[in-house]
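> Starting off with a structure, shown below.
Readers should treat all values here as calculations from the given coordinates under stated rules, not as data from a laboratory. All figures in this text were calculated on a predicted structure; none of them were measured in a lab. Here the Cβ positions follow ideal geometry from the backbone for every residue, glycine too, while neighbour counts run over all protein chains shown.
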Amino acid sequence: MVKVTVCGAAGGIGQPLSLMFKLNPYVTTLALYDVVNVPGVGKDLSHIDTDTKLESYLPENDGLEKALTGSDLVIIPAGVPRKPGMTRDDLFAINAGIIRDLANGIAQFAPSAFVLVISNPVNSTVPIVAEILKKSNVFNPQKLFGVTTLDCVRANTFVAELSKDKEASAFDTRVLGGHSGETIVPVFSQSAPEVYKELSDEQKAALVHRVQFGGDEVVKAKNGAGSATLSMAYAGYKLGHALLAAINDTPGIIESTFVYLKDSKIKGATEAYKYINEKLKDSDSSDVDFFALPVVLSSNGIEEIKWDILEKVDAKETELLKIATGQLSKNIAKGTAFIAGN
Ligand code: NAD
Ligand code: LMR
């Protein structure tokens, strides 16, 4: 019996993401929540002949409470997307408040749920959710996921284009750091060594740059009509499905996610936190409390952080990780301060 709630379910990501969860055999109830259009989306999906029960809620009549109560997994693609010329950080002004309000709902009505945050800027919205949950004494780092899966998906696709003999599905690229521009650090030296070692320095730099700025490719191509939605729905579903499989006792699944590290009891968190803050960050920037890293999933959520990848990356990737931490520490501090100041 698993209830999944999608917040922002009527949006560009929310609709295809909800469609995929409606098809997932682990999901017994799918609750859709949005501030507009969600009754239509819910009615449409409810005609699909899978066994998942469909519920849809607008804010009125305690809609958020009903959508969240009893939920095991809450996935959040609510908020505004970028237009050409904008950074993800430009979305903070609108999306921070949306995420704060949804996180308050989760703290009250679904305090034990797994929470997957898609809304940008992920580097700041995930800290907002953590701060809200901490304030209510219901924060469990094992259950909070910043969704960085699209970076891994893009890395697999782009490296496959350079491979002589392998398709995208043959790759499982780890992407570390955060989710915006230079905070995105794909580690091809560890994930696709046989392709990576054949590339020139210029080709390596171009491949990394393409992953770091893959979101901009889509924003530009959509030309004002938003950012990645279909590839994002796929990526969000990939992480959500992996988690549902882990909850249902499939052992040893590894996915990358933006995970909370400081004072966390998750295996590997202390080592990751120390390595990042002592070896990859300037001593004068504020702490990097979150980082995208590969994690082992279990029925508890994040069971172990595979931090040792940080020690294995090559010199160029270490340089990129150092650049990432500078930006990341500011993004994380901005999210944390938004709640501390409220
Ligand atoms: P969209 O505008 O198509 O959809 C967003 C939906 O959120 C809309 O239906 C809107 O009504 C809803 N919404 C707004 N306020 C809400 C609230 N308070 N409660 C519930 N729902 C609310 O946007 P989109 O293209 O689906 O993108 C959504 C977010 O996901 C954006 O912030 C975007 O930047 C982000 N995104 C993240 C990634 C990633 O890799 N993590 C990738 C793509 C997009
Ligand atoms: C992405 O990487 O596609 C998303 O973060 C959306 C964006 O703004 O680029």
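> For Ser18, what charge total do you get from the other residues with a beta carbon under 14 Å from its beta carbon, if Lys and Arg give +1 and Asp and Glu give -1?
Counting the neighbours of Ser18, the net charge comes to +1.
> At a threshold of 8 angstrom on Cα-Cα distance, excluding pairs fewer than six apart, so keeping six or more, what relative contact order does the range 223-328 reach in percent?
It rounds to 30 percent for the range 223-328.
> Looking only at Glu271, Glu202, Glu255, which one moves most when the chain is put into a Gaussian network model with springs between Cα atoms under 10 Å?
Maximum fluctuation in the GNM of the chain, among the listed residues, is at Glu202.
> Neighbouring Cβ atoms within 10 Å as the yardstick, rank Thr257, Thr325 fewest first.
Values: Thr257 27, Thr325 24.
Final ranking by Cβ density, sparse to dense: Thr325, Thr257.
> Right, something else. Bin width 10 Å, alpha-carbon pairs only: give the P(r) of the range 3-146 as whole percents, running from 0 to the bin holding the largest distance.
13, 44, 34, 9, 0
> A further question follows. Residues with beta-carbon under 14 Å from that of Ile309, excluding Ile309: net charge, scoring Lys, Arg +1 and Asp, Glu -1?
Overall, the nearby charge balance is -4.
> Working only with C-alpha atoms, what are the Rg and Dmax values of the chain, expressed in angstrom?
19.0, 60
> If amide H atoms are built 1.01 Å from N in the plane of the peptide, which residues on other chains or at least 5 residues away come under 5 Å of the amide H of Lys267?
Result for Lys267 returns Ile305.
> I want the antiparallel fraction of DSSP beta bridges within the chain, as a percent rounded to 5.
Working: 16 of 37 bridges.
Counting DSSP beta bridges with both partners in the chain, the antiparallel share is about 45 percent.
> If you restrict to DSSP beta bridges whose two residues both lie in the range 3-146, what percentage is antiparallel, to the nearest 5?
Of those bridges, close to 0 percent are antiparallel.
> Further question on the same structure: Pairs of alpha-carbon atoms within less than 8 angstrom and 6+ residues apart define the contacts here; what relative contact order does the range 3-146 have, in percent? Let's see the in-between values first.
Numbers: 272 pairs, mean separation 31.6, N = 144.
Computed over the range 3-146, the figure is 22 percent.
> Let me ask another. At what distance in nm do the modelled label points of Lys83 and Lys164 sit from each other, each positioned 7 Å from its Cα along Cα→Cβ?
Each label point lies 7 Å from its Cα, and together they span 4.8 nm.
> Are there any GluC sites (Glu not before Pro) in the range 39-118 that are in a DSSP loop and have at most 13 other Cβ atoms within 10 Å? List them by number. Each step should come with its number before you reach the end.
Values: sites: Glu55, Glu60, Glu65; in loops: Glu60.
Loop-located and lightly packed - Glu60.
> Tell me the relative contact order for the chain as a rounded percent, counting alpha carbon contacts under 8 Å between residues six or more apart.
Value for the chain: 17 percent.
> May I pose another question? Lysines within cross-link reach of Lys53: Cα-Cα under 16 Å, excluding same-chain residues under 8 positions apart?
Lys3, Lys22, Lys43, Lys66
> To the nearest Å, what is the center-to-center distance of the range 122-198 and the range 1-68, using C-alpha atoms only?
26 Å
> Work out which trypsin sites (Lys or Arg not before Pro) in the chain are exposed loop sites (DSSP not H, G, I, E or B, at most 13 other Cβ within 10 Å) and give the longest gap free of them.
1-163
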